[in-house]
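Asks: Got a structure for you, written out below as structure tokens; questions coming shortly.
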Amino acid sequence: MAAVFNPVLLYANTRIKLFAAAKRGSISCPAYTFLLFRTNMHERVNRTERQFKSLPANQQSLLPQFLPHLDKIRECIDHNQEILQTIVNDCIHMFENKEYGDGRGKITPASTFDMDKLKSTLKQFVRDWSEEGKHERDSCYQPIISEIVKNFPKERWDFSKVNILVPGAGLGRLAWEIAMLGFACQGNEWSLFMLFSSNFVLNRCSEINSHKLYPWIHQFSNNRRSADQIRPIYFPDVDPHSLPSGSNFSMTAGDFQEIYSECNTWDCIATCFFIDTAHNVIDYIDTIWKILKPGGIWINVGPLLYHFENLGNELSIELSYEDIKNVILQYGFHIEVEKESVLSTYTVNELSMMKYYYECVLFVVRKPE
């Protein structure tokens, strides 16, 4: 069934309200992908079981715990599906059409691309809202927060009047942490996978570690122990409702460049693992230049893993950091801080035998008065 999604999503005091409708049918795939998680993952486990049973009997006998382990994975899948169903049910109010059912009706199969995005979203719960993700958050969020505090000292600024924007907010933890300090902070996110999930955490979770997920059950390679694959994480590690009284924390849903067009609006823009999501990063720079107030700062941490690089039908301009820096300077920004080797990870599995580390660029640039 087609539905209408509203592209402007506001978390006012962490309560969601939606305004104006977008084109019909734009949300069906993400909603259905959430509902089809169990089916997709059970097919994956069943394939593994069939392959194991194709081995000679003497080889199967060497691994008596292999099939019981697959049964444990199935239990984890079912648990994750319960959480995902709850997330989708809680997002029904976002849509004009509310008929989603329970995932057992005849609906279009989820694409591999969408299912991969959902699996990635499950790992975002680790990054943003679990104790296990703290080290990763400290490596990339804390440098941004430190620069904000340094540039807006409380002796000179009323934090509640400092407007900070966080594009590419994901599940909202960085924006939430900034708001916890008393700043007026707004996150922006375009991915419905992220928006569904952040709505659930920010609006429906108040008890610390009240929910459990199994984010690593999709990883069949590079496991030291079988138990590592089925270990849970608990979320949220803090109460998202514990913002100080009178906090100004909000989120918008939609394309960063389309939503933000009012010139000279923001005191600070904080981007974390964001600028490489652009089709053309110069467009992002242009938008940031326009919407920053004179004297405002842009803080960035992240790599340049361009998201559209290998998608043949998508525009993708892959610039080196050197090129980006030159463009930033030509716009008129002044570079105040620059570090080119800030080591960080992204939704890392700490127990995996394979980990990716990024040597991120941290910079703080200022728009002249």
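Asks: In square nanometres and to one decimal, what's the mean projected area of the convex hull around the Cα atoms of the chain?
Replies: Average projection, Cα convex hull of the chain: 19.7 nm².
Asks: A further question on this structure: Under a crude label model (7 Å from the Cα following the beta-carbon direction), how far is M354 from E75 in nanometres?
Replies: 2.9 nm
Asks: Viscosity 0.890 mPa s, temperature 25 °C: Stokes-Einstein D of region 283-326 from its Kirkwood Cα radius, in µm² per second?
Replies: D = 196 µm²/s.
Asks: Also, I was wondering about something else. Between S120 and I282, what is the spin-label point distance in nm, taking each point 7 Å from the Cα along the Cα→C-beta axis?
Replies: 2.6 nm
Asks: Then there is this: Quick one: order I164, I317 by neighbouring beta-carbon count within 10 Å, fewest to most.
Replies: Result, fewest neighbours first: I317, I164.
Asks: Using the per-residue mean of other Cβ atoms lying within 10 Å as a proxy for protection, in what order, highest first, do the peptides 41-52, 356-367 fall?
Replies: 356-367, 41-52
Asks: Determine the distance separating the Cα centre of region 304-332 from the Cα centre of region 153-199; give it in Å without decimals.
Replies: Result: 25 Å between the Cα centres.
Asks: Oh, and also: How far, in nm, would the chain grow between W157 and L311 when pulled straight, counting 0.36 nm per residue and subtracting the alpha carbon separation?
Replies: In short, 51.0 nm is gained.
Asks: Run the simple label-point estimate for H42 and C263 please: 7 Å along Cα→C-beta, distance reported in nm.
Replies: With each label placed 7 Å out from Cα toward Cβ, I get 5.8 nm.
Asks: Show me, for region 298-306, the HN-Hα J-couplings you get by feeding each phi into the Karplus relation (A = 6.51, B = -1.76, C = 1.60, θ = phi - 60°), rounded to Hz, glycine and proline as x.
Replies: 10, 10, 10, 9, x, x, 10, 9, 5
Asks: Right, something else. Please list, or write none, the aspartates and glutamates whose alpha carbon is within less than 14 Å of the alpha carbon of K293, excluding same-chain residues fewer than 8 places away.
Replies: Within the straight-line limit of under 14 Å, K293 reaches these aspartates and glutamates: E262, D267, E369.
Asks: I've got another one for you. Report the gain in length on full extension from L67 to R225: 0.36 nm times residue separation, minus Cα-Cα distance, nm rounded to one decimal.
Replies: Here the segment from L67 to R225 would lengthen by 55.4 nm.
Asks: Also: In debye, nearest 20, what is the charge dipole magnitude of region 112-367 about its Cα centre with +1 on Lys and Arg Cβ and -1 on Asp and Glu Cβ, if you could check?
Replies: 600 debye
Asks: Just want the ordering: T252, T86, from fewest to most Cβ atoms lying within 10 Å of their own Cβ.
Replies: T86, T252
Asks: Only helices at least 27 Å long along their own axis, judged from Cα atoms, and with Kyte-Doolittle mean hydropathy of 1.6 or greater: name those in the chain from DSSP H.
Replies: Span-like helices in the chain: none at all.
Any read-out appearing in this document is the output of simple, stated calculations on the displayed coordinates, not a laboratory observation. Quantities reported herein were computed from a predicted structural model and do not represent experimental measurements. Every residue, glycine as well, gets a Cβ built from its backbone with ideal geometry; the counts of neighbours run over all protein chains shown.
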